[in-house]
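See below for the structure under consideration.
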């Protein structure tokens, strides 16, 4: 297949974003942006992505869709929601991180992550640094957030992290952000980045199945 055909297949078979899978109708408004942050926290440990997205859906179904709702919830309610999604081993520490993160978003950004965007002033490195101040989010988590948020924050485009670029290289595709973005309309850049990550997670470099895990964050994250 040529480049156009390969990319078309990637989008068709693997182009569903993780935000969409978690039930987030992503828009540039406070609630869905916060929900994306929650999903990022859940993905920022070595756990299967389908469990992380299921955990996000459980939290949102329990009404924890805004930083105020998350901060006002009990630690046990958060643990229980995570448990229903089989988000085990990390449920207690993640419940703590979610509560602390909600408090940070409320205190620093008045519950609106568009203020974080304004503070970054179009500088992706600054945005990633600010994201890493949220409990549990490290470099990988910051990449996850930017990868998904570029769908509604155009200044992030084209954002392809190291994993997605590596997958593109192995598939014989352009492996620079600009080179990849040339082959899709702007609204599909986030989907292409996700598709490449999904393919990368389906097989490691040796061809061994590793079906749904983001890399582990450093312990300090």
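The values are calculated or read from the model by the stated rules, or taken from the named source; none is laboratory data. Computed from a prediction, not measured in an experiment: that's the story for all the values here. Ideal geometry is used to build each Cβ from the backbone, glycine not excepted, and the neighbour counts take in all protein chains shown.
Evaluate the following for residue 40: is it out of contact with any strand residue (DSSP E or B) (no Cβ under 9 Å at 6 or more places or on another chain) and surrounded by fewer than 17 Cβ atoms within 10 Å (Cβ to Cβ)? No: the conditions fail for residue 40. Highlighted here are the helices (runs of 4 or more DSSP H) found entirely within the stretch 60-136 that include at least 2 residues which are under 30 Å from residue 158 (Cα atoms): 91-109, 114-120, 124-131.
In the set (1) farther than 20 Å from residue 190 by Cα; (2) in contact (Cβ under 8 Å) with a residue 60 or more places away in the chain; (3) surrounded by 19 or more Cβ atoms within 10 Å (Cβ to Cβ), the condition left unmet by residue 141 is number (1). Tell me, yes or no, whether the stretch 7-25 has at least one residue that is closer than 23 Å to residue 132 by Cα, out of contact with any strand residue (DSSP E or B) (no Cβ under 8 Å at 6 or more places or on another chain) and either modelled with pLDDT under 95 or exposed (fewer than 15 other Cβ atoms within 10 Å of the Cβ) (or both). No. For the stretch 171-195, the set of residues classified as out of contact with any helix residue (DSSP H, G or I) (no Cβ under 8 Å at 6 or more places or on another chain), closer than 15 Å to residue 10 by Cβ and not in a loop (DSSP other than H, G, I, E, B) consists of 179 only. When residues in the stretch 77-131 are screened for being closer than 17 Å to residue 41 by Cα, surrounded by fewer than 15 Cβ atoms within 10 Å (Cβ to Cβ) and within 18 Å of the chain's Cα centre (by Cα), 1 of them pass.
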